[in-house]
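All remarks here apply to the structure that follows.
Here, each number is a calculation from the coordinates, and none is a lab measurement. Given the structure is predicted, the values throughout are model-derived calculations rather than measurements. All Cβ positions, even for glycine, are placed from backbone atoms using ideal geometry, and neighbour counts span all protein chains on display.
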Amino acid sequence: MKSWIVKYRKPLVGLLVLALAAGGIAWWLTPKKIPPEERYATAAVERGPITQTVSANGTLNPVTLVSVGSQVSGIVKKLYADFNDRVQAGQVLLELDPTLLRAQLEQSEANVASATAALQLANANEARMRDLYAKEYVTRQDLDTAVQALDSAKAALELAQAQAVRDRTNLGYTIIRSPVSGVVVSRVVDVGQTVAASFQTPTLFTIAKDLSRMQIDSSYAEADVGNIKVGQEASFTVDAFPNRKFKGVVRQVRLNPTTVQNVVTYDVVVSVDNPELILMPGMTAYVNITVAQRKDALLVPNAALRFRPAEAAKQPGAEGRPERAKEKSEGAPMGTVYVLENGKPKAVRIPLGITDNRMTEVLGGDLKAGDKLIVMDKSPPATGQRGGPRFF
């Protein structure tokens, strides 16, 4: 007997080890029943204020931005203003070389003098012909010719005078003055540069009329623009001051749409006060416009509205179900949340109001503050295992 045990001891030990290993694996793979209180993570229904906003990026711009150009061509002779200079209306900003235009004016003035002398001669000839015609020394045709010459001389004088006025005005345009009081935000010319105004007016300076009052031009999607109204409050941040929040007010929702790759947006103008002059033109603003507010609302977490039990997900057509159902209750969109009842999730339909993307207002139903809603299944039964390594 002893010899038999010694002979088969190693195979018996191996079988025992295999049996224990198989039992352990079977225990490991067997689904364990977890109490509902431990399986589901919950969050409480709350009561408090909620604010719904719509967000977009925009650009800070002066309310009034004036481009100062030149109506005549010439070489820049002197500059009297530079970047960031404060200027007054009528102040000289730039002077073009007037030599050529002054010569043209002198030529026009000489033409005026010549036309004046020609008119005097035509007047004398017309008077002489009229006297001779009265004495029948010249024909009617000779008198008509003298009258026509007098009229031509008058027209030539008027033309010369008009050309002189034009050249005098152009000479005045060599002095570029500021049309408004403000701050120079851009200068695009230097001394010695040639300004060509042959086909279009070139921009020489850009002047912001008042940097203490600015505006944000922001682009909002058509899905959001319907909730935006003139007078709504807005807040925004800029990269230059990431920890500071600025305030503004919606001033205008422009009707002209912009379409880029089939995406339609609308320009929403937000008025901004800038008393410290720290906001600069061209800064990118991250704007939030308040479209709705509630001071005391019943609120459910958005995570509860997104939760679906694993059993419901297995039902045909349940996958990809939207957070809010299509049906309405007195005009309000409906949502579904789940509460624990007898250890199982129970669906509760509720009408929904505004949302701040974290909490959503409840407009009715049987929920009350303090009720626990399921927000996550920590151990969904669909996994079929407790966790740990997968053997494959």
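Values as computed for the structure displayed
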read-out	value
Highest average packing first - 78-91, 213-226, 180-193, Cβ atoms within 10 Å	213-226, 180-193, 78-91
Cα-projected label distance for Ala292 with Arg177, points at 7 Å along beta-carbon direction, nm	5.6 nm
Cα convex hull of segment 98-173 - mean projected area over all directions, nm²	4.7 nm²
Potential extension, Ala369-Val264 segment - 0.36 nm per residue separation minus Cα distance	33.8 nm
Extension gain (nm, one decimal) between Thr169 and Ala110, 0.36 nm per residue minus Cα-Cα	19.6 nm
Inter-label distance for Gln88 and Asn227, nm, one decimal - labels placed 7 Å from Cα along Cα-to-Cβ	5.0 nm
Ser198/Asp356 FRET efficiency (R0 51 Å; Cβ-Cβ; nearest 0.05)	0.35
Two-site label geometry, Glu38 and Lys77: point separation in nm, points 7 Å out along Cα→Cβ	9.4 nm
Gly335 long-range amide H proximity, modeled H, under 5 Å	Ala325, Ile350, Leu352
R0 of 30 Å, Cβ-Cβ distance Arg244-Asp217: FRET efficiency to nearest 0.05	0.90
Segment 182-260 and segment 93-142: distance between their alpha carbon centers, rounded to Å	55 Å
Placed amide H near Asp85: partners under 5 Å, 5+ positions off or other chain	Val184
Under Karplus coefficients 6.51, -1.76 and 1.60, residue-wise ³J(HN,Hα) of segment 208-221 in Hz, glycine/proline x	8, 5, 8, 7, 6, 10, 10, 9, 10, 9, 10, 10, 10, 5
Under 14 Å, Cβ to Cβ, from Val268 - net charge with Lys/Arg +1 and Asp/Glu -1	-2
